[in-house]
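Notes for the one structure printed next.
The values are calculated or read from the model by the stated rules, or taken from the named source; none is laboratory data. In this text, all values refer to a predicted model and were calculated from it rather than measured experimentally. Cβ atoms come from the backbone with ideal geometry, glycine included; neighbour counts cover every protein chain shown.
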Amino acid sequence: MRIISGKYRRRRLVHPANDATRPVKDRVKESLFNSLHPFHYARVLDLFAGSGALGLEALSRGATHAVFVEKDRDAFNALCANTEALVTEPVNLHHTDAFGYLKKTDERFDLILIDPPYGRRLAHKALMHVITHNVLAPGGRIIVLCGQDETIGVPDALALIKSRDVGITRVSHYEWSDES
């Protein structure tokens, strides 16, 4: 695993010691971030962060602040090692459940990255929590990574901007709906 573009490009990332966390493939990251070009998302939330690959990629490409939320101990240790070794921007690391974090935070984010374990309907639940707890800033975007075979019910408050399958992963972009 590595950072693929920006000021930290080619830097290697530590990955969790266990198999509980699925690493994000380089081509998935490349597809996701290239579709956000030009990158203008200052405050980033990386939910189900794992080793932090998505949030660190965002920082490498110009984000000014990132919050990482990861519950698994081994993944959180890898996340700590990666942020300590790489970043100079402000980051906040939370070793907690993503849904508990969303309930408690009063921050709003320009870009929210949701990459939960596949097959557990956690992506839809996370989208609902983001809406319920008003975590997305005006003009912000939510990116959800899930398995190709997963169906995510799109809440009325969000509009699906685009969705693309990359390997086994579906990458979907959401924004606030103009109709809500």
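Here is how the numbers come out for the structure above:
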| read-out | value |
| --- | --- |
| Hits in region 126-140 - residues which are in a loop (DSSP other than H, G, I, E, B) and either over 22 Å from HIS40 (Cα atoms) or under 15 Å from the mean Cα position of the chain (by Cα) (or both) | HIS133, VAL135 |
| Qualifying residue in region 152-168 (condition: more than 16 Å from LEU113 (Cα to Cα) and of a type in the set (S, T, N, Q)) | no |
| Selection count where residues are closer than 18 Å to CYS80 by Cβ and either aliphatic (A, V, I, L, M) or within 17 Å of the chain's Cα centre (by Cα) (or both), scope region 3-15 | 4 |
| Residue list for region 145-169, filter: β-branched (Val, Ile, Thr) and either over 16 Å from LYS25 (Cβ atoms) or modelled with pLDDT under 85 (or both) | THR151, ILE152, VAL154, ILE161 |
| Residues located in region 33-48, provided they are touching a helix residue (DSSP H, G or I) at 6+ places or on another chain (Cβ under 6 Å) and assigned to a loop (DSSP other than H, G, I, E, B) | PHE48 |
| So TYR118, is it in contact with a helix residue (DSSP H, G or I) (Cβ under 9 Å, 6 or more places away or on another chain), in contact (Cβ under 8 Å) with a residue 12 or more places away in the chain, among the aromatic types (Phe, Trp, Tyr) and surrounded by 13 or more Cβ atoms within 10 Å (Cβ to Cβ) | no |
| Only listed residue being out of contact with any His (no Cβ under 8 Å at 6 or more places or on another chain) and more than 25 Å from ASP106 (Cα to Cα), chosen from ASP46, ASP26 | ASP26 |
| Answer residue from region 90-124, given it is among the charged types (D, E, K, R) and part of a helix (DSSP H, G or I) and is nearest to ARG170 (Cα to Cα) among those | LYS103 |
| Restricting region 1-21 to residues that are over 20 Å from GLU89 (Cβ atoms) and exposed (fewer than 15 other Cβ atoms within 10 Å of the Cβ), the residue that is modelled with the lowest pLDDT | ALA20 |
| Filter result for THR64 (closer than 22 Å to GLY139 by Cα, among the β-branched types (Val, Ile, Thr), touching a His at 6+ places or on another chain (Cβ under 8 Å) and without any contact (Cβ under 8 Å) to a residue 60 or more places away in the chain) | no |
| Candidates ALA85, ALA75, ALA63 - the one that is modelled with pLDDT under 95, among the hydrophobic types (A, V, I, L, M, F, W, C) and not in a helix (DSSP H, G or I) | ALA63 |
| Residue among TYR41, TYR101 that is in contact (Cβ under 8 Å) with a residue 60 or more places away in the chain, surrounded by 17 or more Cβ atoms within 10 Å (Cβ to Cβ) and aromatic (Phe, Trp, Tyr) | TYR41 |
| Qualifying residue in region 103-115 (condition: modelled with pLDDT of 90 or more, of a type in the set (A, V, I, L, M, F, W, C), within 14 Å of the chain's Cα centre (by Cα) and farther than 21 Å from TYR41 by Cβ) | no |
